[in-house]
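**Q** First the structure, then my questions, so here it is.
The values are calculated or read from the model by the stated rules, or taken from the named source; none is laboratory data. What you see is a predicted model; the values in this text were computed from it and never measured. So basically every Cβ, Gly included, is an ideal-geometry build from the backbone, and we count neighbours across all protein chains shown. For the accessible areas, the whole protein counts, side chains as well, though only heavy atoms, and no ligand, DNA or RNA atoms are used. Shrake-Rupley method; radii C 1.70, N 1.55, O 1.52, S 1.80 Å.
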Amino acid sequence: DAGITQSPRYKITETGRQVTLMCHQTWSHSYMFWYRQDLGHGLRLIYYSAAADITDKGEVPDGYVVSRSKTENFPLTLESATRSQTSVYFCASRWTGGEQFFGPGTRLTVL
Amino acid sequence: DQQVKQNSPSLSVQEGRISILNCDYTNSMFDYFLWYKKYPAEGPTFLISISSIKDKNEDGRFTVFLNKSAKHLSLHIVPSQPGDSAVYFCAAVHGAQKLVFGQGTRLTINP
């Protein structure tokens, strides 16, 4: 199906473990984004990518790593998960301008 | 530095009445503004947008007003319906750069 998908939808992990959240879009959008949503903070940008092999930090990048070897995929890795990274993570994509389209989100719990 | 602010975390409105959600911004370079709607366990979805060259944009029950001198935008929903109950995020962008989101306002429509 066309659109933007995220996997897994729910994930429970332990402190110190590595976790990778996947994001896939079928529109060939050039831009892709990772956000986290926390109560009182709204949507905060973690990392974004303007094209394959081009990534840049957002507002809260510490503790996260991204890569973009293919236009359609933008995985987000927590190299050593911490409790403060418990959150809902949203991936999004868009063309150069205009509206962004969001995935359904991944709820991550770090114990 | 919160460039986009939604100062009301929540708003409760009676069904059939007008809902007014407010958003303030500080960056005068922003030239495009968007509103997103978010239901629980789903990603945000685009609702309506406005360019800085306009002061009003209307789409059915939804109207966005932009006051550039006051750096303020508002979303009017009339008449409000139970299905409008959701979290609403305003966002702003300059050119092809990153969207900056507000903290969100939870709108509850009461029967």
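**Q** Answer yes or no as to whether B:ALA70 is more than 14 Å from B:GLY104 (Cα to Cα), within 13 Å of another protein chain (Cβ to nearest Cβ) and over 15 Å from the mean Cα position of the chain (by Cα). Break it down into steps so the answer makes sense when it comes.
**A** Numbers: more than 14 Å from B:GLY104 (Cα to Cα): yes; within 13 Å of another protein chain (Cβ to nearest Cβ): no; over 15 Å from the mean Cα position of the chain (by Cα): yes.
Here the answer is no, as B:ALA70 does not meet what is asked.
**Q** So, one more: What number of residues within the stretch A:52-86 satisfy the criterion of being within 14 Å of chain B (Cβ to nearest Cβ) and either within 16 Å of A:GLN37 (Cα to Cα) or among the acidic types (Asp, Glu) (or both)?
**A** The qualifying residues number 5.
**Q** Condition first: part of a loop (DSSP other than H, G, I, E, B) and at the interface with another protein chain (Cβ under 7 Å from one of its Cβ atoms). Now tell me which residues in the stretch A:93-107 satisfy that. Walk me through how you get there before you give the answer.
**A** Filtering the stretch A:93-107 down to residues part of a loop (DSSP other than H, G, I, E, B) leaves A:95-100, A:103-105.
Passing the criteria: A:THR96, A:GLY97, A:GLU99, A:GLN100, A:GLY103, A:PRO104, A:GLY105.
**Q** Residue pairs, Cβ under 8 Å, 6 or more apart or interchain, first in the stretch A:76-89 and assigned to a helix (DSSP H, G or I), second at pLDDT below 95 and loosely packed, with under 12 Cβ neighbours inside 10 Å. List them.
**A** none
**Q** Counting just the residues of the stretch B:61-82 that are outside any strand (DSSP E or B) and of a type in the set (S, T, N, Q), which one comes out least open to solvent (accessible area, probe 1.4 Å)? It would help to see each step written out before you state the result.
**A** Kept after step one, since they are outside any strand (DSSP E or B), are these residues of the stretch B:61-82: B:61, B:68-71, B:78-82.
Keeping just the survivors that are of a type in the set (S, T, N, Q) gives B:69, B:80-81.
Values: B:SER69: 112, B:SER80: 2, B:GLN81: 82 Å².
Out of the qualifying residues, it is B:SER80.
**Q** While we're on this one: Could you pull out the residue among B:TYR36, B:TYR88 that is under 30 Å from A:ARG9 (Cα atoms) and either facing another protein chain (nearest Cβ under 9 Å) or of a type in the set (S, T, N, Q) (or both)?
**A** Values: B:TYR88 fails: either facing another protein chain (nearest Cβ under 9 Å) or of a type in the set (S, T, N, Q) (or both).
Answer to the selection: B:TYR36.
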